[in-house]
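> This is the structure I want to talk about, given as structure tokens.
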Amino acid sequence: MFLVTKSTVANRGALHMRQVPRKFMGRTALWPRGGSLGLWARLVFEVEFLRYMAALMPFVVATLIWREYALAIAQAPIPMLILIYLVEARLLRVPPGKRAGLVSEAEAERGLDLLRERARRILTKLAAGRGIDAGRLHLVIEQSEMLRIAPLSLVSVQSEDGPAILDLSRDERALIEDTLFQPPLTERDLQKIGLARKIALHDIGLDAREVSAHARLAAIIAARSGG
């Protein structure tokens with residue numbers, strides 16, 4: 001999971017938005033500020049051009065081994081396109097015809113219900129902690145379609161006031177990390193549900209006016225106690 005905020009993204013210009021929800025995958029690259037090697041590698045792997053180059057490596061190796069056929073190999077676009085298709089559509093992704101069978105209807109409903117409950121809990125605590133009493137917040141989750149490798153989820157909290165992506169504090173990021181993807185709904189589980197239900201982007205909203213007085217009081221007490 002990559003939490004997208006000004007504090008975690010190096011190329012902050014990519015966070016500019018005109019409407020909610022703001023979508024990133026397939027439109028702009030996000031590079032983490034710091035981040036683990038695994039996150040960097042997964043984000044780099046999401047770049048289509050680099051994956052295509054990796055898929056075509058057998059042709060590069062072949063031209064180095066059989067140099068007398070190098071020109072013929074380099075001028076064989078159809079086999080190259082077929083190889084790219086097999087890697088992208090069959091090796092890395094689940095074929096569209098098989099996606100509906102990834103989860104049952106009951107599992108998908110339970111997972112989406114749990115996602116909504118967790119997202120609203122997170123947004124409630126964020127709104128109460130920040131003293132936001134008007135406007136609408138959105139927890140937005142984008143996930144890569146490539147099921148055969150480690151999942152990649154871009155998670156952001158977006159506000160209709162601006163609109164803007166909230167710059168989450170360390171405690172707020174910890175809240176999301178500790179709440180959003182925990183059994184029985186893991187990052188991989190949600191990815192399967194999204195593929196089966198053809199959900200490219202999960203957008204769960206909360207009107208700040210729905211935040212209870214109890215939640216706001218709890219946030220005030222927690223702030224005063226340093227918790």
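> Considering the convex hull of the alpha carbon atoms of the chain, report its projected area averaged over all viewing directions, in nm², one decimal.
The Cα convex hull of the chain, projected and averaged over all directions, gives 15.3 nm².
> Determine Rg/Rh for the stretch 1-103; Rg is computed over alpha-carbon atoms and Rh is the Kirkwood hydrodynamic estimate from the same atoms.
Answer for the stretch 1-103: 1.10.
> Placing +1 at every Lys and Arg Cβ and -1 at every Asp and Glu Cβ, with all other atoms neutral, what dipole size does the stretch 142-227 have around its Cα centre, in debye to the nearest 20?
260
> At a temperature of 20 °C and a viscosity of 1.002 mPa s, determine how fast the stretch 149-227 diffuses translationally according to Stokes-Einstein, using the Kirkwood radius over alpha-carbon pairs as Rh; express D in µm²/s, rounded to the nearest whole number.
141
> Could you size up the charge dipole of the chain around its Cα centre, putting +1 on the beta carbon of Lys and Arg and -1 on that of Asp and Glu, and report it in debye to the nearest 20?
The dipole of the chain has a size of about 160 debye.
> How much accessible area does Asp189 have with a 1.4 Å probe, in Å² rounded to the nearest 10?
Approximately 50 Å² for this residue.
> Counting only helical runs of four or more DSSP H residues, what would the 222 nm mean residue ellipticity of the chain come to if each run contributes -39,500 (n - 2.57) and the total is spread over all its residues?
Result for the chain, helices only: -13500 deg cm²/dmol.
> Another question, then. With unit charges on the beta carbon (Lys/Arg positive, Asp/Glu negative), name the residue among Thr124, Gly35, Leu83 whose Cα is farthest towards the positive pole of the charge dipole of the chain.
Gly35
> Report the longest stretch of the chain that contains none of the trypsin sites (Lys or Arg not before Pro) sitting in a DSSP loop with at most 10 other Cβ atoms within 10 Å.
In short, 28-147.
> Using a cut-off of 19 Å between alpha-carbon atoms, which lysines can reach Lys98, once sequence neighbours fewer than 8 places away in the same chain are excluded?
Excluding near neighbours in sequence, the set is Lys192, Lys198.
> A follow-up question, please. Lys/Arg Cβ at +1, Asp/Glu Cβ at -1, dipole of the chain taken about the Cα centre: which of Leu168, Met1, His16 is farthest positive-ward?
His16
> Also, quick follow-up: Once Lys and Arg get +1 and Asp and Glu get -1 on their Cβ, which of Leu217, Leu152, Gly97 lies farthest toward the positive end of the dipole of the chain?
Among Leu217, Leu152, Gly97, the one farthest towards the positive end of the dipole of the chain is Leu152.
> Working with all protein chains in place, sort Leu56, Leu37, Leu71 by solvent-accessible area computed with a 1.4 Å probe, largest first.
Most to least solvent-accessible, the answer reads Leu37, Leu71, Leu56.
> With Rg and the Kirkwood Rh both taken from Cα atoms, where does Rg over Rh land for the stretch 48-173?
Rg divided by Rh gives 1.20.
> In whole Å, what is the distance between the alpha-carbon centres of the stretch 185-218 and the stretch 147-166?
Their Cα centres are 11 Å away from one another.
> Given the protein chains as shown and a 1.4 Å probe, how many square angstrom of Trp40 are accessible, to the nearest 10?
90
> From largest accessible area down, sort Ile221, Ile141, Ile199; use a 1.4 Å probe on the protein chains.
Ile221, Ile199, Ile141
> With every protein chain left in place, what is the accessible area of His214 in Å² (1.4 Å probe, nearest 10)?
Its heavy atoms expose roughly 140 Å² to the probe.
The values are calculated or read from the model by the stated rules, or taken from the named source; none is laboratory data. Just so it is clear, the structure is predicted and the values come from calculations on it, not from any experiment. No Cβ is skipped: glycine too gets one built from the backbone with ideal geometry, and neighbour counts run over all protein chains shown. Each accessible area value is taken on the protein alone, full model and side chains, heavy atoms only, with ligands, DNA and RNA left out. Shrake-Rupley method; radii C 1.70, N 1.55, O 1.52, S 1.80 Å.
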